[in-house]
Every structure is written in structure tokens, then in C-alpha cells.
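Shown next, in C-alpha cells, is the structure this report addresses.
Quick note: the coordinates plus some simple rules give every number you see, no bench work behind them. Remember, predicted model here, so these are calculated numbers, not experimental data. Positions of Cβ are generated from backbone atoms using ideal geometry, with glycine treated the same way; all protein chains shown enter the neighbour counts.
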Amino acid sequence: MKRKSAIEVELQDLSCLYNITRELASSGDISECLEKSMEILSSYKDMENGTVTIVNPVTGKLEIEVAYGITAEGRKRGKYKIGEGITGRVVATGEPIIVPHIAEEPLFLNRTRSRGDIKNQNRSFLCVPVKDGKQVIGALSVDRIYESGLDDQAHKDLQFLTVLSGLIAQTTRRIQIVNREKEKLRIENLKLKRELSEKNKINEIIGNSSRMQDVYEMVHRVVDSNATVLLRGESGTGKTLVAKALHYNSKRREKPFIVVNCSALPETLLESELFGHEKGAFTGATERKTGRFEQAEGGTLFLDEIGEISHSVQVKLLNVVQERSFQRLGSSQSIDCDVRLVAATNRDLEKAVAAKNFREDLYYRLNVFPVFMPPLRERRTDILLLAEFFLAKYTKENTKTIRRISTSAIDMLIQYHWPGNVRELQNCIERAVLICDDDSIKGIHLPPTLQISDENSSDKPLSLTSAVERFEKDLIIDGLKKNNGNQTKTAKYLDTSLRIINYKIHQYSIDPKKYKV
């Protein structure tokens, strides 16, 4: 084989460094760019088993970051203490080392076992430190076979690897800085999202669940527009609160907010209520009456239970929504109106349209910006927040000192399906406050509808033994909560012995650690 000239060797080295530098500069993943760099090094310099080891800051050991030509099993085995073996010594001293024949070097440990039988190999080992400033953060090592033994080329290779190790250190530092900045930006982004979530939150509405966050976002998207909003959802989900939020957070907040419950009035009265009437328009109309559309001028008109209105009222309402004008009953004069319309219904309007019970054209006029209110069973993470809010409200109203809701009561609240939604929960907590004479709401204070037994049990009531065990377990948990999980203090608080408390804790599988603050 023809020996390369010095110029050819230098050109080859420059070409190798250029390609490695380009690879290191273009990647954001340290393992990926080092892997490719070792591949380039192997192809240009006839160097085998190119390995980069980095000091693990947690364990303090040298671990292989990248090993080109070494199996995954070999990489796992390639761990060294600082000062251990050739690689460990290079990291400890910060000085490069050349091992002329690894078979004759007792310090060479060959932990990766990637070289087979090294006794019959004329293999040299070159290892240089990877330095970040004055700190050694790892090592770069390669194998190379020199046919005529060590010569000037070996020392040039060592110099070449030293230059390459500097590039590796710079790349490692750059990627670490970028990753730190990315992590900083990620944390900042999460913080801003939380702040935005708090900003979007409507003060009058309680709830942090993802479903409620969607509602808050929808409200803030439409709050300053004049678009008609249709609030959909089951009865008791808080549609009226959202309607108020749409008004009092908008630019119309200084103007009236008028509410009309469409299901509470008969057809003839509803038409008069909405549009007003002239004197003598019908029997009993002894004077002119201003309708709700006129009263809400410049503000917001909230039509609750919009799905209950009759066809004749639907026709007149459609005209108001389209033309922004109306006529009082008994009058031919058109009155222009500037009113933000918010409607709400718990009915399936699509089915009502299909059944010809609701005008299709009015449906599309109202359904410009629908907001769906989730039922309470789909936002269970909000149940405890709401319960505590209502507890604080009604204890204050009734001048009581109820401080908390017991674990058993919380379990009942969470497991219940709440067909009446937030309104039912509110009534439930108000009732519990009224009948509670203790400092905490317990399961016995909740309505009979929540007094459910386990799914697998029969319809028979709890036995005396089961009821006593449940009550006893609740008492112990309450005691642990009040005493920060301390069993000795809990025993004293419950006026019993530590031995009995420990026995009961074991019997009921209670974990006191859960109740440490």
C-alpha cells in the first residue's frame, strides 16, 4: 500500500475536521452529532471504536455517551470511576495518553469487550481529555493499528484528537446552554399559560377542570363582540352565570343586563314582555308598556329557556335578530334596538328543528357562537372546589363554624352522578350546613340520595358492625388530618391508646403518611 505524503495527510485531516465541525454545528442532539462525528473519524482516519465518555454529575462515574463500533451491551459495561483504567486516569489528570500495545498494558481494562482477544493484536489506544475550560468533563478515545509501530503519525493523531475534543467540548456546552434555555422557556410558557388561565377565569364561576378552561376561553373570545351567543347544557350547569359574565366583562357592562325566562310566561304575556305594548293593544292593556328589548338598549338581553317559545314568538324574535328592530304590540312603528342577545337552552334544538317544533332559520341565527356547559359529572375535579365554596358561603350566612368536609362525605360527593348539576350540589351543601352541629360535614349530613352503598352490595342498609367500622375509620382519618399524620397525637386527641390506634390503622389499611402536611 502506497504511503500518503505529508500534504495528503494534512488535507485529509482538514477535510475530516471540516465535516465533523459541520456535523457538530448543525445538530441539537449531543448523542446524534457525536455518533456521526465518530463515524466520520473512522472513515477518514482509520480509527476504530471511537468513544466519547462523559462524567455523570449524579453518580460521579464516567459513562459512555457515544461508542462507534461498540455494541449496546459493551456500552453498558463501559463505566469507570475517576482514575480507574486508562480513560479514568486521563479524566483525573487532564493529560492525554497513548498506549502502544493495549495487550501489554495492565491498566487497560477492556470492559466493553468489543475487541475480542487483544493478546494477538498489534493495537494502540489513544485517549485525550474533553475539557470545558479548565474542567475535565470526559474523554475521547480511539483504537488504531500502526503497522510500523508508534511513530510521528501517532503523535499527530493525538494532536488531531485534542483539537477534536475541544470541538466536542464547545458543542456539548452549546447544546447544554440551548437545552437549559429551552427548559427555561418551557417553564416560562407553562407559567404564562397558568397566568393566562387565571386571567381568563371568571370570578363568579368556580372550576379549574379542563372542560371549564375551555368555557373560559370561549367566553373571552366572544366577550367583546356583538355576536349572538347560544349557551347549551343541562339544567343547573351555570348558563346564567356565563351570560352575566359575557355582559359584565364586555364593553356593555355599564348598560342594563335584562333576563327573561321564556318558559315562565305564557305565549301572550311573553310577546308583550319582550316587545312591549301600546295602550289598548289587548284587553287589560290600560297603558303603554316598555318591553325588555327597549329596557336592555345598549346592554345585554338574556333569553333563558329559548327552546320553549311558541312559533308566533319565534317569528317576531327572528325579525329582531335579523333586522335589529321590532314593533310594540298594537303599534305599526318600528323601533331600532342595539342589544347584545344571549340565549340559553337545555333542550336538543337540533331534534326540535327536525320535529318542526323550532324554526330552522331562527336556530341558525341564534347558533352563531355556541358555548357548551359541561355537566358536573364530566368535571368531577371541580366538585370539591364548588363544595368548599358553598360551605364557606352558607356557614357565613348561618353564622356557623364548620371548617371542613370529612373524607367520607367527600367520597360521596365525588361518586354521585349529580343529575341536577351545580344547583343540586349547592342545595345539598346548604342542607348539610343547616343540619350539622359539628365542625365538619360528615356523610350523615348529606341527603339520602347520596347515601349510597358499594356497587356490589344489596339494597339492604349497612349492618351495625359495618356502620360502626366506617364511622370509626372516618374518626381516625379526621384525627390524623388534624394532627399532621402523628399517631401518638391522634391517640391522645381521640382519648385512646397508641396501641389501639396502631391496630385500627392496620385493620382499616390507613396510611398515616398521606395526612402529613
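Taken about its Cα centre, the chain carries a charge dipole of about 1100 debye when Lys and Arg each add +1 at the Cβ and Asp and Glu each add -1 at the Cβ. With the charge dipole of the chain set up from +1 on Lys and Arg Cβ and -1 on Asp and Glu Cβ about the Cα centre, the Cα lying farthest toward the positive end among the listed residues G299, N49, L341 is that of N49.
Couplings 3J(HN,Hα) for the stretch 297-303, derived from phi with the Karplus relation 6.51 cos²θ - 1.76 cosθ + 1.60 (θ = phi - 60°), are 3, x, x, 10, 10, 9, 9 Hz, where x marks Gly and Pro.
For the stretch 461-517, how big is the tail of P(r) above 19 Å, as a whole percent of Cα pairs? Of all Cα-Cα distances in the stretch 461-517, 22 percent exceed 19 Å. The modelled label-to-label distance between E472 and K279, using points 7 Å beyond Cα along the C-beta direction, is 8.1 nm. Of K473/K513; K393/K504; K393/K482; K396/K482, which sit over 25 Å apart, Cα to Cα? Violating the 25 Å limit, Cα to Cα: K393/K504.
The HN-Hα couplings worked out from phi for the stretch 24-40 by the Karplus form 6.51 cos²θ - 1.76 cosθ + 1.60 (θ = phi - 60°) are 5, 6, 9, 9, x, 10, 4, 5, 5, 6, 5, 4, 5, 5, 5, 5, 5 Hz, whole numbers, x standing for Gly and Pro. Helix 498-507 and the longest principal axis of the Cα set of the chain meet at an angle near 90°. In this entry, the stretch 252-299 is assigned a mean projected area of 3.6 nm², taken as a quarter of its C-alpha convex hull surface.
For the chain, the residue among S37, F160, I98 whose Cα projects farthest onto the positive side of the dipole built from Cβ charges is I98. Pairwise Cα distances in the stretch 210-374 exceed 23 Å for 37 percent of all pairs. With volume of the Cα convex hull per residue in Å³ defined as stated, name the option among (1) 149; (2) 318; (3) 157 computed from the structure displayed. After the calculation, the listed value that fits is (2).
Placing pseudo-labels 7 Å out from each Cα toward the beta carbon at Q213 and D348 gives an inter-label distance of 3.1 nm. G133 sits among other residues whose Cβ lies under 15 Å from its own Cβ, and their net charge, with Lys and Arg +1 and Asp and Glu -1, is +3.
Here the calculated FRET efficiency for E183 and K516, from their Cβ-Cβ distance with R0 = 22 Å, stands at 0.15, rounded to the nearest 0.05. Compared with the dominant principal axis of the Cα atoms in the chain, helix 383-397 is inclined by about 50°.
Each Lys or Arg adds one and each Asp or Glu takes one away; over the other residues whose Cβ falls under 13 Å from the Cβ of A352, this sums to 0.
The sum of -39500 (n - 2.57) across all DSSP H runs of n ≥ 4, divided by the residue count of the chain, sets its helix-only mean residue ellipticity at 222 nm to -14500 deg cm²/dmol.
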